[in-house]
Structures are given as structure tokens and as C-alpha cells.
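> What follows is a structure written as C-alpha cells; I'll ask about it next.
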Amino acid sequence: MSRAYLDYAATAPVHDEVIEAMAAALRDVGNPSSVHGPGRRARARLEAARRALAAALDASPDSLVFTSGGTEANQLALAQARGGPVLVSAIEHPSLLDAAPEALRAPVTADGVLDLEAFERLLAQHRPALVSVMLANNETGVLQPVREAAGLARRHGALVHCDAVQALGKMPVSLAGLDADLLSVSAHKIGGPAGVGALVLRDGLEIAARQRGGGQERKRRAGTENLAGIVGFGRAAELLGRQDWQRVRRLRDRLEGGVLGHCPEIRIHGAAAPRLASTSCLATPGLAADTQLMALDLAGVAVSAGSACSSGRIGPSPVLLAMGVEAALAACSIRVSLGWGNGEEDVDRFLGAWLALWRRKGGRDPAARPGPLSKPAPMAS
Ligand code: PLP
């Protein structure tokens with residue numbers, strides 16, 4: 001059965017060019033720390049990948065520390081508070097929130113945007129050592145005012161970290177442009193492999209390592225490098241410019257228009273705020289997220305309920321609760337996230353399967369407008 005993969009925010013398909021580059025790196029023996037020929041070849045591959053990623057981020061190659069993913073990059077950033085108070089937005093990824101349970105949480109508006117006034121009050125009251133504000137939320141796609149938050153944080157003497165894992169590739173991302181000190185990125189959201197990420201440091205910033213025992217990454221992250229993963233990350237970074245996000249936005253709008261045209265009571269979380277072109281977080285009152293996920297999966301359509309990173313967990317999303325969404329509605333919310341491999345047929349497959357479920361559950365179509373849904377695709381048995 002063909003599938004419509006609409007879960008790019010969980011992980012994106014790996015580009016063929018990335019697989020080829022990784023295979024070449026895997027076939028070649030060599031530890032980048034070894035001084036012999038194979039070691040020097042491995043080092044050359046590593047540094048080429050570093051330059052490619054640095055170019056995509058408008059950063060200097062020396063400012064990159066490769067990690068095992070966005071999670072580790074976020075936690076390496078958190079460690080730079082060196083025990084001091086930390087202030088984060090209430091909608092950060094669990095790799096930050098769960099790693100800093102004692103952190104102060106700045107509220108967000110009903111649209112899912114950081115409340116800058118509350119953020120500033122918390123800065124003044126608690127004088128945190130480090131603040132962390134993500135660039136694009138993983139569940140709603142809503143963009144955050146990172147530059148403004150960074151300006152405020154700087155006035156109060158805090159280091160500024162930004163989790164740009166979801167944003168990279170879908171919008172310009174640069175540490176300098178955001179006025180941040182630390183920035184997290186991850187390969188598997190941009191067509192690279194899972195298990196590799198990077199923390200980007202402001203030039204000249206000295207960080208405290210969390211992993212010690214080797215001189216790798218200029219003593220900022222010990223451990224033999226995941227060379228094939230890093231090579232794949234570098235290749236994926238080189239391919240970023242070729243993606244057409246306006247096309248993806250049109251697909252996303254077609255999908256949202258399709259559900260709203262038939263079911264006006266659907267709520268699209270964060271729709272009034274600037275959002276990534278790729279992501280839609282849809283709440284259908286009375287239709288539980290797990291029911292939707294299972295029916296869509298049977299029809300060959302892959303989407304998520306909230307963040308897929310906490311696999312299998314289906315419950316009201318803390319992000320939506322922080323936006324003031326009632327728990328019952330949050331539990332009826334699914335995330336659809338599109339990318340470069342999707343076409344109209346994927347959107348129509350989603351719409352057909354979703355509408356069939358909605359009608360089976362008693363949903364009535366007030367408008368009954370003709371459109372992409374006029375002939376819903378049959379559900380797979
Ligand atoms: N930050 C955000 C916003 C994410 O969406 C994710 C993963 O989905 C992460 C961090 C964690 O990245 P990784 O899966 O590379 O550990």
C-alpha cells in the first residue's frame with residue numbers, strides 16, 4: 001500500500017544524496033583523531049561537513065560542536081547555566097523542559113507565542129543565568145520572538161539559547177541574526193540521519209563540557225565522532241536551498257482549507273500567529289487524537305498526536321495546555337507536518353481518510369461544498 005507520510009516534524013525522509021555520502025564515509029576506515037593517512041582522510045570529511053553546516057547557519061566552522069542530536073545539544077546548552085537559574089518558554093521541547101524541571105517557565109499567549117511582558121518580568125525578578133526560547137514550536141509550528149527575547153535577556157545579563165531544531169531549513173537560521181549565544185540543530189529534520197546534531201556557539205564563547213575524556217570537538221564534547229552521521233548532516237545542509245517551502249505552504253493551506261470547509265468547528269492551534277509553512281495542529285472536538293491516528297494509519301496516512309518524540313504517549317499536549325487549550329480539546333488534536341516529498345495526492349489522501357472517519361463518527365457537513373473532498377478516498381480495510 002502506498003503511504004502519505006505527513007510527519008516530517010517527527011523525522012524527515014533521508015535524502016538519497018545523504019545516504020550515498022554516508023555510505024562512502026562508512027566504507028572508508030579511519031578515526032578523525034588518528035594521525036595516519038586514513039585518519040587524516042576521516043578528519044578531512046569531518047571538517048568538510050563542519051564547513052557545510054556552518055555555511056548553512058552563517059556561522060564559523062569553529063563555532064560548531066557536533067552532538068548526538070538536538071536533545072544533547074539542548075542539554076549541553078542548559079549546562080552553561082552552571083547551576084544558576086534558568087528561564088525557558090513554557091512550550092519548549094521535552095529535551096529542555098524535562099532536563100530542567102526547576103527552570104522558570106514563561107507563559108505563552110493563546111496563539112502559542114511567548115508572552116514577552118511576562119518573560120521580562122521573570123527576567124527582572126529572577127535574573128536567570130540562561131534563557132532558552134525555541135525558534136519554531138514542534139507541535140504548532142508557531143514562530144517565537146527569539147530576537148526580542150534575546151535583547152531583553154541580554155539587558156539582564158543572561159546567556160541566550162535557542163532551539164532551532166524545527167526551524168532549520170524552513171526559514172533562515174543564524175545565531176547572529178537571532179542575537180543568541182547558543183543554538184541547537186538536528187540532522188534528521190532536514191533530510192539527514194537521526195542521532196546527530198550540533199550546538200552552535202557565539203564566537204569566543206567558552207563552554208563547560210558535559211562529556212569528558214577525549215579532545216574531540218576542541219574538548220567541548222568528548223567521544224569518537226559519529227563520522228558517517230556528521231557527513232550526512234553536512235550533505236543535508238548543502239541541499240537545504242533546493243526546497244520549495246512556498247509549495248509546501250500551499251499544500252498545508254489546501255489541507256487546512258479542506259478540513260475547515262467541511263467541519264468549521266475544527267480549531268487550528270496557532271493559526272493566527274506566524275507559523276512554519278509545513279505544520280498544522282488540528283483539533284476536532286469530540287474526535288480523540290488516538291482514534292484519528294489509528295484510522296489515518298489504517299488508511300495509509302502517517303501523522304502525529306502532539307510531539308512524536310515521546311513515542312506512544314497520547315495525552316493532552318503540555319504545549320497546548322500552556323496555550324490555554326482545554327484538556328478535552330487538546331486530547332483531540334493531531335499534528336500534520338509536510339515536507340519536500342509531499343504532493344497534492346498526499347493531502348487528498350489525508351482529507352479523504354479524515355472525512356470518512358469524521359462522517360462515521362457522526363460529523364455532518366454543513367457546507368457540503370464541492371472541493372478536494374467531494375469524493376473521499378475509501379478507507380483501507
Ligand atoms: N527540539 C525540538 C524542537 C524537536 O522537535 C526535537 C525533536 O523532535 C528535539 C529538540 C530533539 O532532537 P533529536 O531528536 O535530534 O534529539
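> Can you name the residue in the range 278-305 that is open to solvent by 10 Å² or more (accessible area, probe 1.4 Å) and within 16 Å of the ligand (Cβ to nearest atom) and, of all such residues, is modelled with the lowest pLDDT?
This residue is Ala305.
> Which pairs turn up if I take residues in the range 11-23 that are under 15 Å from Leu240 (Cα atoms) and assigned to a helix (DSSP H, G or I) and look for partners that are open to solvent by 50 Å² or more (accessible area, probe 1.4 Å) and more than 16 Å from the ligand (Cβ to nearest atom) with beta carbon separation below 6 Å, at least 6 apart in sequence or on another chain?
The qualifying pairs are Glu17/Arg235; Val18/Arg235.
> Only one of Ala288, Ala299, Ala273 is touching a residue at least 40 places away in the same chain (Cβ under 8 Å), more than 23 Å from the chain's Cα centre (by Cα) and under 24 Å from Ser317 (Cα atoms). Can you tell me which?
On the way: Ala299 fails: under 24 Å from Ser317 (Cα atoms); Ala273 fails: more than 23 Å from the chain's Cα centre (by Cα).
After ruling out the rest, the residue left standing is Ala288.
> Out of everything in the range 143-156 that is among the hydrophobic types (A, V, I, L, M, F, W, C) and within 15 Å of the ligand (Cβ to nearest atom), what residue ends up being least open to solvent (accessible area, probe 1.4 Å)? Give the derivation first.
If we filter the range 143-156 for residues that are among the hydrophobic types (A, V, I, L, M, F, W, C), which is where we start, we get 143, 146, 149-150, 152-153.
Checking the rest, the ones that are also within 15 Å of the ligand (Cβ to nearest atom) come to 143, 146.
On the way: Leu143: 45, Val146: 4 Å².
Filtering first and then ranking leaves Val146.
> Continuing with this model, one more query. Please find, among Glu92, Glu72, the residue that is open to solvent by less than 10 Å² (accessible area, probe 1.4 Å) and within 10 Å of the ligand (Cβ to nearest atom).
Details: Glu72 fails: open to solvent by less than 10 Å² (accessible area, probe 1.4 Å).
Only one candidate qualifies: Glu92.
> Would you say Glu117 is among the charged types (D, E, K, R) and within 12 Å of the ligand (Cβ to nearest atom)?
Details: among the charged types (D, E, K, R): yes; within 12 Å of the ligand (Cβ to nearest atom): no.
Criteria not met by Glu117.
> Name every residue in the range 32-69 that is within 16 Å of the ligand (Cβ to nearest atom) and either hydroxyl-bearing (Ser, Thr, Tyr) or out of contact with any Leu (no Cβ under 9 Å at 6 or more places or on another chain) (or both), in order of residue number.
Thr67, Ser68, Gly69
> Can you work out which of the residues in the range 161-205 that are touching a Lys or Arg at 6+ places or on another chain (Cβ under 7 Å) and more than 15 Å from the ligand (Cβ to nearest atom) is nearest to Leu57 (Cα to Cα)?
Ranking the qualifying residues of the range 161-205, first place goes to Leu175.
> Under 6 Å by Cβ, and 6 or more places apart or on different chains, what pairs join a residue from the range 63-77 that is touching a residue at least 40 places away in the same chain (Cβ under 8 Å) with one that is β-branched (Val, Ile, Thr) and more than 7 Å from the ligand (Cβ to nearest atom)?
Ser63/Val200; Leu64/Val200; Phe66/Ile230; Ala73/Thr67
> Restricting attention to helices (runs of 4 or more DSSP H) lying wholly within the range 143-247, give those where 3 or more residues are touching a Phe, Trp or Tyr at 6+ places or on another chain (Cβ under 9 Å) and either within 23 Å of Ser95 (Cβ to Cβ) or of a type in the set (Ser, Thr, Tyr) (or both).
Working: elements: 146-155, 175-178, 216-219, 227-238.
Because the criterion is at least 3 residues that are touching a Phe, Trp or Tyr at 6+ places or on another chain (Cβ under 9 Å) and either within 23 Å of Ser95 (Cβ to Cβ) or of a type in the set (Ser, Thr, Tyr) (or both), the helices (runs of 4 or more DSSP H) in the range 143-247 that meet it are 227-238.
> From the list Leu87, Leu182, Leu159, Leu175, pick out the single residue that is touching a strand residue (DSSP E or B) at 6+ places or on another chain (Cβ under 6 Å), touching a residue at least 60 places away in the same chain (Cβ under 8 Å), open to solvent by less than 10 Å² (accessible area, probe 1.4 Å) and over 25 Å from Ser317 (Cα atoms). Show your work before the answer.
Numbers: Leu87 fails: over 25 Å from Ser317 (Cα atoms); Leu159 fails: open to solvent by less than 10 Å² (accessible area, probe 1.4 Å); Leu175 fails: open to solvent by less than 10 Å² (accessible area, probe 1.4 Å).
Sole residue among the options that is touching a strand residue (DSSP E or B) at 6+ places or on another chain (Cβ under 6 Å), touching a residue at least 60 places away in the same chain (Cβ under 8 Å), open to solvent by less than 10 Å² (accessible area, probe 1.4 Å) and over 25 Å from Ser317 (Cα atoms): Leu182.
> Just need a number here: residues in the range 48-67 that are open to solvent by 10 Å² or more (accessible area, probe 1.4 Å), in a helix (DSSP H, G or I) and farther than 23 Å from Thr224 by Cβ.
Of the residues in the range 48-67, 2 are open to solvent by 10 Å² or more (accessible area, probe 1.4 Å), in a helix (DSSP H, G or I) and farther than 23 Å from Thr224 by Cβ.
> Also: Could you please give the count of residues in the range 102-142 that are open to solvent by 30 Å² or more (accessible area, probe 1.4 Å) and within 21 Å of the chain's Cα centre (by Cα)?
7
> Now for a separate question. Which condition number in (1) under 18 Å from Ile190 (Cα atoms); (2) away from the ligand (no atom under 16 Å from the Cβ) is the one that Gln80 fails?
Only one criterion in (1) under 18 Å from Ile190 (Cα atoms); (2) away from the ligand (no atom under 16 Å from the Cβ) is unmet by Gln80, namely (1).
> If only one of Gly229, Gly213, Gly195, Gly191 is crowded, with 20+ Cβ neighbours inside 10 Å and at positive phi, which one is it? Steps first, answer last, please.
Values: Gly229 fails: at positive phi; Gly213 fails: crowded, with 20+ Cβ neighbours inside 10 Å; Gly195 fails: crowded, with 20+ Cβ neighbours inside 10 Å.
Of Gly229, Gly213, Gly195, Gly191, the one residue that is crowded, with 20+ Cβ neighbours inside 10 Å and at positive phi is Gly191.
The values are calculated or read from the model by the stated rules, or taken from the named source; none is laboratory data. These numbers come from a predicted model, not from an experiment. No Cβ is skipped: glycine too gets one built from the backbone with ideal geometry, and neighbour counts run over all protein chains shown. Side chains included, ligands, DNA and RNA excluded: accessible areas come from the protein's heavy atoms. Shrake-Rupley method; radii C 1.70, N 1.55, O 1.52, S 1.80 Å.
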